[in-house]
Structures are given as C-alpha cells and as structure tokens.
Number of protein chains: 2
Amino acid sequence: MPKTAQPAQPEILQGTLDVMILRTLERAETHGYGIARAIERSSGGVLAVEEGSLYPALYRMEKRGDLTHEWKTSELNRRAKFYRLTPSGRKRLVHEVEQWEKLSHAVGRVLAGSAREALA
Amino acid sequence: MPKTAQPAQPEILQGTLDVMILRTLERAETHGYGIARAIERSSGGVLAVEEGSLYPALYRMEKRGDLTHEWKTSELNRRAKFYRLTPSGRKRLVHEVEQWEKLSHAVGRVLAGSAREALA
DNA sequence: GTGATTACCTTGACAATCTAGGTATGTGCC
DNA sequence: GGCACATACCTAGATTGTCAAGGTAATCAC
C-alpha cells in the first residue's frame with residue numbers, strides 16, 4: 001500500500017480535529033461514522049473528515065483517556081462503536097476550545113494588520 | 001542531537017506560519033529575525049516563532065518561488081538576509097488568507113454550536 | 001574581556017494527516 | 001438469489017510541519 005500523501009488542499013486545520021470530535025460528542029454520543037458526518041454538516045460542508053484521520057484520532061483520544069466506547073447497534077441496524085466523553089475529555093474540551101480561541105484570534109491579528117498593531 | 005520533540009503546548013497553529021510570514025513581508029521587507037519579532041508583536045505576544053520552524057519555512061518558501069532574499073546590513077549593523085515577496089508570493093498570500101478565513105470560520109461553526117446548526 | 005543581543009543555521013525526532021487500500025453487514029431492487 | 005450501494009470499521013505508508021537543542025559569528029555596552 002505505497003502511495004503519495006498530502007492533499008492538494010488540506011481539508012482541515014491541523015490540530016483542530018480532536019477538539020471538533022470532543023465538541024461533537026459533547027452534543028450527542030455517537031459512532032465514528034456519525035462524528036464525521038456531523039462535523040461535515042456543522043461546518044457547513046466546508047470540512048471533510050477523512051477516515052484515515054478520524055479513526056487514528058479516536059484511538060489516540062481513547063488511549064489518552066478522553067473517550068470510552070461501547071459497541072451498539074446504529075440507527076441503521078449496523079454494529080457500531082458509540083463513543084462518549086469521559087470527565088477528563090470534558091475538561092480537555094474546555095481547555096482546547098480556549099486554546100483554539102486564543103490561537104486563532106492571534107493569527108487573525110497577524111493577518112489583519114489593524115491600526116492596533118500599527119501603533120504598537 | 002537526540003531529543004524529545006513536541007511542545008507541552010503548541011505555540012502556533014500548524015499550517016499558519018507560512019501565511020503569517022507572507023503577510024509580514026507584505027508590510028515590510030525584513031530579515032528572518034525581524035519576521036519572528038514582528039509576528040510575536042502583531043499577535044499580541046501570544047505566538048512564539050521558533051527559529052527551528054522559521055528558517056526551514058523561509059527556505060522552503062524561497063525554493064517554492066514565493067520569496068527572494070538579499071544580504072544587507074541590518075538596522076543594528078549586522079549581516080542579515082532581507083526577504084521580499086515575489087509576485088507569486090503575493091498571489092499565494094491572497095489565496096492562503098482566503099483559505100484561513102474559510103477554514104477557521106468552519107472550525108468556529110463546529111465549535112460554536114449555534115442555533116443554525118441545531119436546526120440544520 | 002565578558003555577557004547579552006542580534007542573526008544565522010542544522011539535525012533528529014515526532015505527531016497529525018492523507019491516500020489508498022481493505023473487511024463486513026444490512027437494505028433495496030431486480 | 002444476486003447485485004449495488006451505503007454504512008461502519010480498520011490499517012499501512014508516506015509526507016509534512018514543527019519543535020528541541022544544539023551550534024557559529026559579529027556587534028555593543030560595560
């Protein structure tokens with residue numbers, strides 16, 4: 001399975017997948033496939049969640065202690081792993097949202113070139 | 001030089017360094033060290049530009065054709081490489097700023113959980 | 001001369017992501 | 001029954017961007 005990687009244009013901002021997963025699961029416990037669809041929908045169709053990014057992310061988040069899963073039957077009668085936030089995951093969600101706000105705002109400032117910065 | 005990498009908390013959002021460099025150089029031709037200080041300042045002190053990220057970035061952007069450099073003497077009387085945008089770099093700046101706006105806005109929508117998405 | 005600052009650079013490791021493959025099962029249609 | 005399609009999972013390999021940690025050299029203030 002050798003192949004060339006890296007997208008023509010990245011579909012998501014690196015580092016934001018985890019926090020989006022956490023946020024999605026805070027709203028409703030669901031399975032991987034459902035998480036992907038939910039993020040795509042709530043982003044207005046702008047973000048595409050690739051399965052090759054999603055499943056490794058879920059695995060590492062669970063390993064980190066932020067998620068747990070339970071095998072259940074999906075709405076469409078298929079076996080699916082339903083993920084849920086742990087208390088630690090909730091804490092991380094809050095922290096990561098804060099980080100996102102802080103950093104994205106900072107990037108915005110750099111790109112904007114407001115009077116604020118011209119005077120600094 | 002074996003060492004453990006990955007920061008306790010990332011200082012910049014991955015993928016945003018290039019566009020910030022381009023934006024900084026659009027404002028004024030300057031050298032690497034100056035770019036780093038300018039980004040730190042215009043971000044309100046939130047972003048830290050590590051040299052180990054900066055110089056490779058400048059190198060790859062120049063190789064890509066978005067920058068050129070010229071050795072000059074800095075304001076403080078030291079030899080320094082002054083970077084300047086190429087026309088291609090200007091085009092890329094516009095495009096990357098658009099991308100940033102689009103993607104960061106999308107992440108915002110996912111994290112926000114507005115009524116808009118609840119109704120979708 | 002000593003130390004701080006300016007200014008450059010490189011190596012090695014690592015984490016996140018994508019591409020591209022794969023498996024399996026249920027549903028609808030013919 | 002057979003087939004396509006959607007749902008739902010998974011992994012390997014490659015690439016990229018970033019960071020940590022080292023280094024060099026010149027200038028300036030003391």
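The values are calculated or read from the model by the stated rules, or taken from the named source; none is laboratory data. In this text the structure is predicted, and so the values were computed from the model without any measurement. Using ideal geometry, Cβ is built from the backbone for each residue, glycine included, and neighbour counts are taken over all protein chains shown. Protein only, heavy atoms only, side chains kept; ligands, DNA and RNA dropped before computing areas. Shrake-Rupley method; radii C 1.70, N 1.55, O 1.52, S 1.80 Å.
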- request: Specify, for chain B, the residue whose C-beta is closest to the rotation axis mapping it onto chain A, with the distance given in whole Å.
  value: B:Gln14, 2
message: For A:Ser43, what accessible surface area do you get with a 1.4 Å probe? Give it in Å², rounded to 10.
response: 0 Å²
task: Please compute the net charge surrounding A:Glu11, taking Lys and Arg as +1 and Asp and Glu as -1 over other residues with Cβ under 14 Å from its Cβ.
output: -2
query: If you roll a 1.4 Å probe over the heavy atoms of the protein chains, what accessible area per residue do you get for chain B, in Å²?
result: 61 Å²
- request: Report, for B:Leu76, each distance to the same residue's label point in the other copies, shortest first and in nm; define the point 7 Å along Cα→Cβ.
  value: 6.1
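Total accessible area buried between chains A and B, 1.4 Å probe, in Å² to the nearest 100? Please report the intermediate quantities before stating the final value.
Numbers: alone 8910 and 8910 Å², together 14680 Å².
The summed interface area works out to 3100 Å².
Under 9 Å from the Cβ of B:Ser88, count the other residues' Cβ atoms, weight Lys and Arg +1, Asp and Glu -1, and hand me the total.
Computed value for this residue: +3.
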task: Ignore the peptide's own chain and count Cβ atoms of other chains within 10 Å of each Cβ in B:17-28; give me the average, rounded.
output: 2
Farthest toward positive dipole pole in chain B [+1 Lys/Arg, -1 Asp/Glu at C-beta], among B:Leu76, B:Ala38, B:Leu17: B:Leu76
statement: Computed over chain A, the relative contact order (Cα-Cα under 8 Å, seq sep at least six) in percent reads 25 percent
query: When the accessible area of chain A is split by element with a 1.4 Å probe, what percent falls to carbon and sulfur?
result: 54 percent
message: I want the local charge near B:Gly65. Using Cβ-Cβ distances under 14 Å, sum +1 for each Lys or Arg and -1 for each Asp or Glu among the other residues.
response: +4
field: Among B:Ile39, B:Ile21, B:Ile12, residue whose mean-square fluctuation peaks in a GNM of chain B (springs only between Cα atoms under 10 Å)
entry: B:Ile12
